[in-house]
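Please read the structure below before turning to the comments.
Read-outs throughout are calculated quantities, based only on the coordinates presented, and are distinct from any laboratory measurement. Everything numeric here is computed off the predicted structure, so don't read it as measured data. Every residue, glycine as well, gets a Cβ built from its backbone with ideal geometry; the counts of neighbours run over all protein chains shown.
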Amino acid sequence: MNCIIVDDEQMARVIIKTLCDEIKFLKVVGEFSNAMQAIKFLNANEIDLIFLDIHMPDFNGVDFIKTLKNPPKIILTTSDSQFAIEAFEYDFIVDYLLKPIELTRFQKAILKVQKHEPTSNEVKLDSEIKNDFYVNIDRRLIKIHLESICIVEAKGDYIHIKTEEKNYVVHSTLTRIEEKLPNSLFLRVHRSFIINVKKIVDIEDNTVVIKREVIPVSRSKRPELMKRLDLL
Amino acid sequence: MEKPNLDYVEKLARGDESLRKKLIGIIKDEFPEEKEAYYKSLKDKDFKKTEENVHRLKHKIIILGLEENYKIANKFEHDLRELNLDKVEDFDKILIAISYYLKTI
């Protein structure tokens, strides 16, 4: 299994290389101190696994992931668990390792890589059993409990996630968040709105009321919405 | 105060003396550079850069077994995002302790 290591710290690269050397079938074919070098290498070479430091200056691991068209499997490495949690956004991210990485934990991660063959169904199931997810706001990952979300509204390049307690503005798209929200609870009722069906307090012809907000419902979405409601 | 140690390095090297030396050599090379970069960013009041430098130094802190100090560094790193320098003196003490320790190994 060919792998590369992307980490701005030499110490971290040497540690990961040392751990890789313990696993017979792992072959480190490249070590990179920044994401740009790694991207160049990936454009010319096929590899199976990346050990990626999520927290790098200038161009961090998340930015790096977003540039990958056909990403191989990735194991995130980090000294801060909250950065790694964003891993759940991508199905090709197999595991994350907290620094300092121990051999036994490293071996477990490699086992996961061997077993990891995500399918679209698997990804779907994962998202349906999750109770919460994390959003990146000002380089912080903030946990949002799925059931607390009332409305998600698209506004330009941002989405507004409105929960019972608080509103969050996140740089993302409605389509992207829609993939993460369980179908059993959420419905896109309009090109700019996803709603938590359980939070509806009132429905009129082409609107619903949630949290005292009137949300438009597209004509094409109304039948689906009506199906979801527990009508007497 | 906690004392730095080489437990993690020894564990990783598993008796391989050349690897042990290599790892210690890297710590000795990287730490002063990272420390200098940290103090420069702090002097320049560049909070973002300071946060990044603290993040890098954090790895050395935990490699040297300083678990409690790692928590302080972590708090400091997070505080820096709020432009809060409350932990600057505590962090300074950690860097001094490590600098002193690296001269002994």
Name the residues whose placed amide hydrogens come within less than 5 Å of the amide hydrogen of A:Thr207, ignoring near sequence neighbours (fewer than 5 apart) on the same chain. A:Val217
Here, B:Asp92 and B:Glu2, labelled 7 Å along Cα→Cβ, have an inter-label distance in nm of 2.1
Quick one: what do you get for the stretch A:9-74 if you divide its Cα Rg by 2.2 N^0.38 Å? 1.09
Rg and Dmax of the stretch A:132-228, Cα atoms, in Å? 12.8, 41
Scattering curve values for the stretch B:7-102, log₁₀ I(q)/I(0), Debye with Cα scatterers, q = 0.14, 0.16, 0.23, 0.25 Å⁻¹: -0.51, -0.64, -1.15, -1.31
Any number yet on Rg/Rh for chain A, C-alpha, Kirkwood? 1.06
Rounded to the nearest 20 Debye, what is the dipole magnitude of chain A about its Cα centre when Lys and Arg each give +1 and Asp and Glu each give -1 at the C-beta? 500
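State, as an integer percentage, the relative contact order of chain B based on alpha-carbon contacts under 8 Å between residues 6 or more apart.
30
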Taking all pairs of distinct alpha-carbon atoms in the stretch B:1-60, Kirkwood radius in angstrom: 12.9
Given all pairs of distinct Cα atoms, the stretch A:2-118 yields a Kirkwood Rh in Å of 13.9
